[in-house]
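Below is one structure, written out as structure tokens, with a few remarks after it.
The values are calculated or read from the model by the stated rules, or taken from the named source; none is laboratory data. Treat the numbers as computed from the prediction; the structure is a model and nothing was measured. Ideal geometry is used to build each Cβ from the backbone, glycine not excepted, and the neighbour counts take in all protein chains shown.
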Amino acid sequence: MSDQIESLKPEEVSNGERPLSLPSELPILPLRDTVLFPNSFMPLAVARESSVRLIDDAIANGKLIAVFTQRDAAMEEPGQDDLYAVGTATHIHKMFKLPDGSLRLIVQGLARLTLDKVVSTQPYLRARVTPATEDTNEADRLEIDALARNINTNFQQVVSLSPLLSEDLQTLAVNISEPGRLADFIASSLSTISTAVKQEVLETLDIRARMDSLNRILIKELEVLELGSKIQSQVQSEVGKNQREYFLREQMKAIQKELGEGDDQTKEIEELTEKIEAAGMPEQVKKEALRELDRLSKMPIAAAEYTVSRTYLDWLVALPWNKRTDDVIDLVVTKNVLDADHSGLEKVKDRILEYLAVRKLNPDIKGPILCFVGPPGVGKTSLARSIAQSLGRKLVRVSLGGMRDEAEIRGHRRTYIGALPGQVVQGLRRAESKNPVFILDEIDKLGSDFRGDPSSALLEVLDPEQNNTFRDHYLDVPFDLSEVLFITTANILDPIPAPLRDRMEVLEIAGYTEEEKLKIAIDHLVDKQVKNHGLTSVYIRFTPAALRQVIRGYTREAGVRNLEREIGALCRKVARRRAENNETPIEITPDIVVEMLGAPRFLDEEMEERTKDPGVAIGLAWTPVGGEVLFIEASRMAGSGSLTLTGQLGDVMKESARAALSWLRAHAKEYNIDPDFFKSAEMHVHVPSGAIPKDGPSAGVTMAAAMASELTGRPVRGDMAMTGELTLSGRVLPVGGIKEKVLAARRAGVRQVIVPKPNAKNINEDLTPELRKDLTVHLVSTIDEVLALALQPVASDVRPAKKTTRSVGQVAAPRA
């Protein structure tokens, strides 16, 4: 390598005492990201072909060049406009040739130069240059000396704080007496300031201004270094503290190990750490769990807070953050499961199948919030179980009946003793799945008191747009409920707050028909009760006729719970018989039913018997437990023209009675009624079952029929029931609960029903062909049509003066 190193001797180098003689033109060496100051040495790397050529020529012609810093370091072939205007005359001291053709130089800055004009660009830049004379004003000498002292002091502090600067620089700076050279030396030594700042110092020819600028730079640099030193000290202190705690903790573990203590806690911490890592928590939740675990690791195992923290972590790791069951979406299988478990309920089944069809096409769709509304015993909860079974999902059921505390939904905050998450989170933990079918039973039985309103807490749970970040008070971290299929059940909608009802898709489930009850009994109830009572199908057999006798004579309900109880009563009778060593198989027939259960409680003949006299009409009512048959009785007596209403009637029902009487008085002549009958008589309307409150407008036509029957002496037909709201003009307005009312009529043996004409859509949509079999539905628009259908003719009857000509619609086949 010795032949690659050429030592060069400087010829005329300024010593600071006499002026340097410089040519008017010099080759220009552009510098990237560095500034060379006068009287300083610097290593340079030369790789550009033009620059290598320049150095070769300069060595052969006096070793003197000019260096100027590029404005843009990325520029490969800079011109005059790409270079700063002030540079440095430079002497080449040493040159090293490298194998790749590049050069390494050691150069010395001699004096400042001003770039006047580039005279040549090939093979490298040459330019006219002028020495830049420093400006020194004797009047500023005192200020310059003061600045020099400040600069020296600040520089000493910067060197002592900066790990990048050698301590030798402190000695060199102290021995420089000339202010301009001191400023150049310090500026060239500071490696942390930018190229632009260094160039600004180089271009400042006024000594006082240069010293002032450098002093500001040093003060700023000193502030940065002091702040960095403070931060470093804090970090080291924290690290030292952590290391000390670590060593102390390790020593404590060693001592506890020798004493046989502390092993359980260490194992618990390690076990919880593994569970947290394996739980699949979202990052935010995992961060909170690890923070709580760190607190737990620092607590004594005997501390009261230890159990609270440990229980909290157990809940976090036990939740199904990423566990879910795969949906089994087979519409045929699902339909078969639903049909096997439940008779009827076609609308509800269709809605479930529609949901599955959409989910099959779009697996990411948010599940609906379904609300099954219907009387007790119609299969709302069991239908939800069948849905879970058909989907292959886990099932969770929470009963909301009587719940009054909002914390039952959202959980209690951990500050309370014995705090636990709410029922929603508890249910998900039991299910061990993120997407179960979640049944919220009896949502209409929620209450509220000073502890809060649970129905308001359910607003977030049952909102698909919000429940993906449900935050339980106990957990205090978000949990995604958007994959849960929530199904709520209720007997009536009225108690449910409107905002909560708005979040649910309501599916009404009416009562079962006699045929559906019979099928349910044969397919499910009989086998269940026979097994529950320790019997077998070999020993006891129910005939369909016997079951039909139980349905008609011993139960009148929308659901099948009483039917199941009566079947159970028959099984108990047979079980006692067998327990008395009577092994003879028995077939349950209608006669055996009467023998075991006693005389039937409900008789079809009751309708004919109660309506054979004038003044009694059969109405239809809706109740939370299904439809009911309602008898309305009217009686005329001598009096002062008043209307008496009894039977615990509500205000709406009383107003319906007054409207009916007013219409009859207005149309008395048309029905051969004395127009002045009300002056010397009074009317009493009574609705039996006086212990039960009654209200609603749908008994208007029935009250009118009962009063018309009493006043005309024409009995109301015993095989006909009616419903509808009556106006003063005689129009019949639509009412609700049509299916429930029709089912009640069928249960009571009534086969003709009068319904408002606007309710025709309910008849067509809600009543199946099987339900309409042997049932005649008359659609009416006015009370004239009702009376024409309901009042029986008598031998002495005179036809009304105004005969109705309105059509009467019949739905389904006529009675056989």
Yes/no for GLY447 being surrounded by fewer than 17 Cβ atoms within 10 Å (Cβ to Cβ) and among the small types (Gly, Ala, Ser): yes
Candidate set from region 709-752 (those that are within 46 Å of the chain's Cα centre (by Cα) and of a type in the set (Lys, Arg)); member that is nearest to SER698 (Cα to Cα): LYS741
Any hit, region 230-248, residues being modelled with pLDDT of 80 or more and at negative phi: yes
Filter result for TYR312 (modelled with pLDDT under 85 and not in a loop (DSSP other than H, G, I, E, B)): no
Strands (runs of 3 or more DSSP E) completely within region 34-102 that count 1 or more residues being charged (D, E, K, R) and at pLDDT 85 or above: 86-97
Count of region 338-348 residues which are crowded, with 19+ Cβ neighbours inside 10 Å and of a type outside the set (Gly, Ala, Ser): 5
Search result, residues across region 65-80 that are crowded, with 21+ Cβ neighbours inside 10 Å and more than 19 Å from ALA196 (Cβ to Cβ): ILE65, ALA66
Matching entry among TYR539, TYR512 (being aromatic (Phe, Trp, Tyr) and either on the phi > 0 side of the Ramachandran plot or touching a Gly at 6+ places or on another chain (Cβ under 7 Å) (or both)): TYR512
For ARG126: the one exception among (1) touching a strand residue (DSSP E or B) at 6+ places or on another chain (Cβ under 6 Å); (2) surrounded by fewer than 17 Cβ atoms within 10 Å (Cβ to Cβ); (3) not hydrophobic (A, V, I, L, M, F, W, C): (2)
Selected residue (only one of ILE522, ILE496 is farther than 30 Å from VAL328 by Cβ, of a type in the set (Val, Ile, Thr) and not assigned by TED's automatic domain parsing to the domain that holds LEU743): ILE496
Scope region 165-186; condition over 12 Å from PHE155 (Cα atoms), out of contact with any Gly (no Cβ under 8 Å at 6 or more places or on another chain) and either in a loop (DSSP other than H, G, I, E, B) or among the basic types (Lys, Arg) (or both); matching residues: ASN175, ILE176, SER177
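Yes/no per residue for (1) hydrophobic (A, V, I, L, M, F, W, C); (2) outside the structural domain of ILE217 (by TED's automatic domain parsing):
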| site | (1), (2) |
| --- | --- |
| HIS93 | no, yes |
| LEU98 | yes, yes |
| VAL118 | yes, yes |
| ASN154 | no, no |
| LEU182 | yes, no |
| THR195 | no, no |
| LYS198 | no, no |
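Yes or no, residue by residue, for (1) basic (Lys, Arg); (2) more than 29 Å from GLY736 (Cβ to Cβ); (3) surrounded by fewer than 19 Cβ atoms within 10 Å (Cβ to Cβ):
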position: LEU500; (1), (2), (3): no, no, no
position: VAL506; (1), (2), (3): no, no, yes
position: GLN529; (1), (2), (3): no, yes, no
position: ASN532; (1), (2), (3): no, yes, yes
Of all residues making up region 646-696, the number that are touching a helix residue (DSSP H, G or I) at 6+ places or on another chain (Cβ under 8 Å) and either outside the structural domain of VAL735 (by TED's automatic domain parsing) or at positive phi (or both): 2
Contacts under 7 angstrom Cβ, first residue in region 144-167 being surrounded by 18 or more Cβ atoms within 10 Å (Cβ to Cβ), partner acidic (Asp, Glu) and modelled with pLDDT under 80, 6 or more apart: VAL159/GLU167
PRO300 farther than 30 Å from ASN154 by Cα, of a type outside the set (A, V, I, L, M) and modelled with pLDDT of 80 or more: no
Pairs, first among the basic types (Lys, Arg) and crowded, with 16+ Cβ neighbours inside 10 Å in region 555-570, second at pLDDT below 90 and in a helix (DSSP H, G or I), C-beta under 7 Å, six or more apart: ARG556/ARG747
Which listed residue is of a type in the set (Val, Ile, Thr), out of contact with any Leu (no Cβ under 6 Å at 6 or more places or on another chain) and surrounded by 14 or more Cβ atoms within 10 Å (Cβ to Cβ), from THR307, THR273: THR273
Criterion (in the same structural domain as GLY647 (by TED's automatic domain parsing), surrounded by fewer than 19 Cβ atoms within 10 Å (Cβ to Cβ) and either among the small types (Gly, Ala, Ser) or out of contact with any strand residue (DSSP E or B) (no Cβ under 6 Å at 6 or more places or on another chain) (or both)) met by exactly one of THR727, THR712: THR727
Selection count where residues are under 51 Å from the mean Cα position of the chain (by Cα) and modelled with pLDDT under 85, scope region 556-592: 4
Subset of region 628-682 (residues that are modelled with pLDDT under 90, among the charged types (D, E, K, R) and within 30 Å of ARG747 (Cα to Cα)): GLU628
Check on SER455, surrounded by fewer than 21 Cβ atoms within 10 Å (Cβ to Cβ) and not in a strand (DSSP E or B): no
